[in-house]
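To start, the structure under review is shown below, and the notes come after it.
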Amino acid sequence: MKFITQKNALLFVCFTAGHFLFAQIDKNATKETKNLYQNLKTISEKHILFGHQHALEYGHGWSNEPNRSDVKSVTGSHPAIVGIDFSDFSGRSKDQIEKTKDLLRKNVIDTYERGGITTVSWHFNNPSSF
């Protein structure tokens, strides 16, 4: 009897956690955010999405090659979620920043056109160590 009670409690916790996992918190979310949320919820019913930071920027033995990622080399397709970083937007020359912007813009557009998702982070460079 104790085992059944614990099992039911665990199922309740998992069900409840799953419900909250899919609960949209921001009541003022944009239409695009609501659409992304709904698409992720629908996809999660049958699939798992895999993500990789800097997937399109560099990998094992290569850097900035069009339509390439280590994930694609191994699995045949790019990751569903691609992370980019704006770290090269600080502490660099104007030319380097523009080149980085162009590369990242292309990566974001390419990921979008494949139906993927881009996440963005920004790790600032330390200005005292340039």
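The values are calculated or read from the model by the stated rules, or taken from the named source; none is laboratory data. Computed from a predicted model, the values in this text were never measured in an experiment. Reconstructed Cβ throughout: ideal geometry from the backbone, glycine too, with neighbour counts over all protein chains shown. Side chains are part of the model used for accessible areas, which takes the heavy atoms of the whole protein and leaves out ligands, DNA and RNA. Shrake-Rupley method; radii C 1.70, N 1.55, O 1.52, S 1.80 Å.
How long, wide and thick is segment 44-89, going by the Cα atoms along their three principal axes, in whole angstroms, largest first?
Result for segment 44-89: principal-axis Cα extents of 37, 24, 14 Å.
Among 51-57, 104-110, how do they line up from the highest to the lowest mean number of other beta-carbon atoms within 10 Å?
My ranking of the peptides, most packed first, is 51-57, 104-110.
Based on Cα positions only, what radius of gyration and what Dmax would you give for segment 49-130, in angstroms?
13.3, 43
Count charges around residue 69 for me, please; just the other residues with Cβ under 13 Å from its Cβ, Lys/Arg as +1, Asp/Glu as -1. Walk me through the numbers before you get to the answer.
Details: positive: 68, 72, 114; negative: 57, 65, 70, 110.
Surrounding charge for residue 69 is -1.
Report the calculated FRET efficiency for residue 72 and residue 126 (r = Cβ-Cβ distance, R0 = 41 Å), to the nearest 0.05.
Plugging the Cβ-Cβ distance into 1/(1 + (r/R0)^6) gives 0.80.
What's the FRET efficiency of residue 98 with residue 43 using the Cβ-Cβ distance as r and R₀ = 41 Å, to the nearest 0.05?
Working: r = 35 Å, r/R0 = 0.86.
Approximately 0.70, to the nearest 0.05.
Keeping the other protein chains in place, figure out the carbon and sulfur percent of the accessible area of segment 67-128, with a 1.4 Å probe.
The C+S portion of the solvent-accessible surface of segment 67-128 is 54 percent.
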